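J.: Below you will find the structure I want to go over with you.
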Amino acid sequence: MEPPGALPRPHSPAPEAAEPPGSPALPAEEHPPAAQEAKRRGPGPQGPAECGARVGAGDGREPGGRARRPRVTVDSSKAKTSLEALKISLRQLRWKEFPCGRRLPCDIYWHGVSFHDNDIFSGQVNKFPGMTEMVRKITLSRAVRTMQYLFPLEYNFYPRSWILPDESSFFEKEIRMMKDRDPSWKPTFIVKPDGGCQGDGIYLIKDPSDIRLTGGLQSRPAVVQEYICKPLLVDKLKFDIRLYVLLKSLEPLEIYIAKDGLSRFCTEPYQEPTLKNLHQVFMHLTNYSLNIHSGNFIHSDNANTGSKRTFSSILCRLSSKGVDVKKVWSDIISLVIKTIIALTPELKVYYQSDIPSGKPGPTCFQILGFDILLMKNLKPMLLEVNANPSMRIEHEKELSPGVFENVPSPVDEEVKVAVIRDTLRLVDPHKQKKKDYWILQEHGYYKTSFFFFCCSSQTLEHVSDAKEELLDAGPPERLDHDVSTALEAGLPSLCLKQVFPKYAKQFNYLRLVDRVAALFIRFLGVKGTTKLGPTGFRTFIRNCKLSNSNFSMASVDILYIDITRRWNSMGIDHKESGMCWQAFVEAFFFLAQKKYKSLPLPEQVASLIDFCEYHLAVLDEKRLVCGRG
């Protein structure tokens, strides 16, 4: 049995472009200048599309006189900074863009910031409700910390963190105790404002007491983390990695990782932090938005040089020095999957709030930006996750003092256009309809609004089994051929690699908190809420048979009041009253430790989940029998 971090080679991998030995990232394709421009602009008319105009319009017929299939329609009216990369992608796909919106529903809605459109009742949206809140620094730290309680070794890729101002005194006491135990330990800490972005408000400190000098913590909460003092250096410079991750589906969980990303470099040679260099942001902070203002920043059209390079160029360089880059890539994939697993429980709470089960609404997908730092020993560390990674493919160039012009950035375009284009290919609704149609035709099923009817004498159970076997086996070669010829002729191989459920067997044991989220959502009661009321909590305890002579319902009420009051005092959303998700997790862990005292925490939690699920299944069966009666 392989360790959780090691990823097995699939027995029959999906066809992908050949990759260089020792590197999982695809190399940049070489094209003459004219071909590069054609590839960038894609087929079809040049220049911005008019409102409602077809991107890559033609006469509506395929070669040979056959009528073309209906174009996928995309509403790009809220695309904002990703608009140019999106337009190029749509031209390459020959899809139909509506840059000013459309009265009729579109297949895909591309939003630039977040999911805040209650008027969409169908199609797909490129944002998940609640994702922006989930990846804020405090919420992310809490989600990862929950997993660190359960699986400390599996989640050691995130720096030790404290939440300010709630844990200020605890932070000071803990650091003082650690220094007393090891007087030679001289740590550095990095303070990150919770809502900050692009390096705004980040600073380094040597002692917890220095935080008091900054002020404003009550109005601007923050996370303080142990600073990683020994990063991997390239050309004596510190750098981080921006990897693009597609969360294609939340239920079932489906994750893709781009085979290439960006490496963003500091612009001053790195030295370990001291009191003298602590404030030199160009040495310690890798944020592109900060370093671009340095006089040493180098704009380069070459993916292997400059202050922003492709990640594949770094991997090739490490490979040439004998580094096992496959191991590096495997560790990064493990980090990404584990982080998504930490985020999904609370994300499901947000999702059911905005799109309750049974209510018409769109399905969602989202491109996330993972910022990762490689340590000197090549261990990847998670810095943060961005819900809205920049998809700009140009940068500002100063022509004269105070006069700037936007010029293309070939490195950004090479990576970002491929990510957006191939995300759209993966969520193509027409491709999915074609697969569904083939499944029905091949097995003689005809889909109506409410039922599947089988033309043979199979039972409904056999129908379900046959469908599952077909989905597991995948569509036949002729369907792949149809898709590749009719939908994706002339396009390169996908730059996005599926990592989940591909490696699900190795990581499913980590999904305990997902099952806790299912219990929380079940007892929320009112659709559209994210907090559990006292009646809902009592119903949870009663239905799961958790009260007894040693834990009365009066004790249940006290537990609810104490935990809810404490979490509400931490600045958790006060728009709704009740027990928030994090408070419920704390209460659930308390109940698990109380009921199964002799077991370690992961087994305590797993045992209580099994106990609750069993009693709820019995209750559901009783209700079903009563309903039939």
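The values are calculated or read from the model by the stated rules, or taken from the named source; none is laboratory data. Treat the numbers as computed from the prediction; the structure is a model and nothing was measured. Reconstructed Cβ throughout: ideal geometry from the backbone, glycine too, with neighbour counts over all protein chains shown. For the accessible areas, the whole protein counts, side chains as well, though only heavy atoms, and no ligand, DNA or RNA atoms are used. Shrake-Rupley method; radii C 1.70, N 1.55, O 1.52, S 1.80 Å.
J.: For region 497-544, which helices (runs of 4 or more DSSP H) that fit wholly inside it have 1 or more residues that are more than 29 Å from residue 576 (Cβ to Cβ) and more than 19 Å from the chain's Cα centre (by Cα)?
T.: Once the helices (runs of 4 or more DSSP H) in region 497-544 are filtered for at least 1 residues that are more than 29 Å from residue 576 (Cβ to Cβ) and more than 19 Å from the chain's Cα centre (by Cα), what remains is 504-507.
J.: From the set of residues in region 354-378 that are of a type in the set (S, T, N, Q) and surrounded by fewer than 19 Cβ atoms within 10 Å (Cβ to Cβ), which is nearest to residue 124 (Cα to Cα)?
T.: Step by step, filter region 354-378, then rank; the result is 363.
J.: Looking at region 83-90, is at least one residue in contact with a Gly (Cβ under 9 Å, 6 or more places away or on another chain), within 25 Å of residue 249 (Cβ to Cβ) and part of a loop (DSSP other than H, G, I, E, B)?
T.: Within region 83-90, none of the residues are in contact with a Gly (Cβ under 9 Å, 6 or more places away or on another chain), within 25 Å of residue 249 (Cβ to Cβ) and part of a loop (DSSP other than H, G, I, E, B).
J.: Let me ask something additional. Quick test of your reading of the structure: residue 158 fulfils all but one of (1) buried (at least 17 other Cβ atoms within 10 Å of the Cβ); (2) over 16 Å from the mean Cα position of the chain (by Cα); (3) assigned to a loop (DSSP other than H, G, I, E, B). Name the failing condition by number.
T.: (2)
J.: Going through region 543-594 one residue at a time, which ones are touching a helix residue (DSSP H, G or I) at 6+ places or on another chain (Cβ under 9 Å), modelled with pLDDT of 90 or more and polar (S, T, N, Q)?
T.: 543, 547, 564, 582, 593
J.: In addition: When the residues of region 240-273 are filtered to those that are assigned to a strand (DSSP E or B) and among the hydroxyl-bearing types (Ser, Thr, Tyr), which remaining residue is surrounded by the most Cβ atoms within 10 Å (Cβ to Cβ)?
T.: Within region 240-273, the match that is surrounded by the most Cβ atoms within 10 Å (Cβ to Cβ) is 244.
J.: Which one is least open to solvent (accessible area, probe 1.4 Å) among residues in region 588-613 that are more than 27 Å from the chain's Cα centre (by Cα) and within 20 Å of residue 525 (Cα to Cα)?
T.: Across region 588-613, the extreme among qualifying residues is 612.
J.: Can you name every residue in region 546-571 that is assigned to a loop (DSSP other than H, G, I, E, B) and either aromatic (Phe, Trp, Tyr) or open to solvent by less than 80 Å² (accessible area, probe 1.4 Å) (or both)?
T.: Selection gives 546, 547, 552, 570, 571.
J.: Give the residues of region 274-293 that are in contact with a helix residue (DSSP H, G or I) (Cβ under 7 Å, 6 or more places away or on another chain) and open to solvent by 10 Å² or more (accessible area, probe 1.4 Å), sorted by residue number.
T.: 281, 282, 290 - these are the residues of region 274-293 that are in contact with a helix residue (DSSP H, G or I) (Cβ under 7 Å, 6 or more places away or on another chain) and open to solvent by 10 Å² or more (accessible area, probe 1.4 Å).
J.: Of all residues in region 399-420, which are in contact with a helix residue (DSSP H, G or I) (Cβ under 6 Å, 6 or more places away or on another chain) and farther than 14 Å from residue 248 by Cα?
T.: 416, 417
J.: Looking at region 190-230, which of the residues that are touching a Gly at 6+ places or on another chain (Cβ under 8 Å) and either modelled with pLDDT under 80 or part of a loop (DSSP other than H, G, I, E, B) (or both) is most open to solvent (accessible area, probe 1.4 Å)?
T.: 220
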